[in-house]
Structure formats: C-alpha cells, structure tokens
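Read through the structure below, which is laid out as structure tokens, and then see the notes.
Read the figures in this text as sums done on the coordinates, not as results from a lab. Note that the coordinates shown come from a computational prediction; the quantities given were computed from them, not determined experimentally.
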Amino acid sequence: MFGNSKNTEEPKKTTPTTPSGTLNVLVKGTVLEGSLRCESDLRVDGTIKGKLICQAKVIIGPTGTVDGEIHCQNAVIEGNFKGTLTVTELLNVRETAEVDGEINTNKLIVQSGAKFNVSCKMEIGVSNGTAKNFEGKPAQDATKVVAGGKAEVRN
C-alpha cells in the first residue's frame, strides 16, 4: 500500500479535437486579404478584404471591417461591412453597424441607429414553397423576422 511505487494506471492518450463551441478571432490590427474558410464561429475585430465562407456564425465586432463576400449560417454585424452577404438563417445588424451592398438572408433584424444601405432579398433559394441555403440544400425554416416582426414566405 504505502511502499508500492508501481504505477498501475496508464497515462491517458489525448488527441486534439475542435470543440463545437470554438471561436476563431481575427483581432484588431490584423488584415487578411484573400479567401478564408472556417467551420466554427468567427469573430472579426480586424479587417478582411476578400471572400469568407463560414459554416457557422460570423461576428463583425465594432472595430471589424469586411470588404468583399461572406457566406455563412448566421451573422451579427456591429462594425463595417461592404459587399455581398449571404446568410442562410439570421442576420442581426446592431446599432453601431454600417452595412452597404447586397444582402440575401432568411431572417433579418436591424436595430435602430444602424446604417443599412443595401439591396436585400429575403428568399434564400425559396421556390415552390421550399427554402434553400446558399449551397442549394433545404433550409430549416422559411419564416423571416424583420425588425422584430414576422413575415411568412408565400408563393
């Protein structure tokens, strides 16, 4: 019992995995030019010039700027966006945001005070009563939220 120095437990082997709650961050002062793909959430407090494809949520923080194209599942914009934005579920534009360009989303919230100068389509692939995401796959819900109200998709 006390005199036995023999270790009977084997050390646990671990393999690095990416947890589902992982957040990628592009910090203030960082500039990315080109294309970026990610599977988990991305927060942008720096600058992206180019194309971003994200399978999860994109957050453009108050100091963040994106000039280009974004395809994502959900988005929260607090900073600046200029370009083409495709959101398969919910786009939330906060009061500090400045958004210019073309928007294609399923649901939309624009808070009072936001600068929202866009051409907006809320029909992510809606045809024959079936909503689809930007990859042409069926979307889960065709209901839209506009500034706190609801609207149904009807053909």
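Quick notes on this structure:
- Chain lengthening between ASN24 and LYS51 when straightened (0.36 nm per residue, less Cα-Cα): 8.1 nm
- Over 19 Å between alpha carbons, listed pairs LYS82/LYS115; LYS57/LYS107; LYS28/LYS107; LYS49/LYS121; LYS51/LYS82: LYS28/LYS107; LYS49/LYS121
- Taking amide H as placed 1.01 Å from N in the peptide plane, ILE59 has its amide H under 5 Å from the amide H of LEU42, ARG43, VAL44, VAL76, each at least 5 places away in sequence or on another chain.
- Estimated vicinal HN-Hα couplings, Hz - segment 22-33 in sequence order (Karplus 6.51, -1.76, 1.60; Gly, Pro = x): 5, 10, 7, 10, 9, 6, 4, x, 8, 10, 10, 10
- 3J(HN,Hα) along segment 115-120: 9, 10, 10, 9, 9, 10 Hz, from the Karplus curve 6.51 cos²θ - 1.76 cosθ + 1.60 with θ = phi - 60°, whole Hz, x for Gly and Pro.
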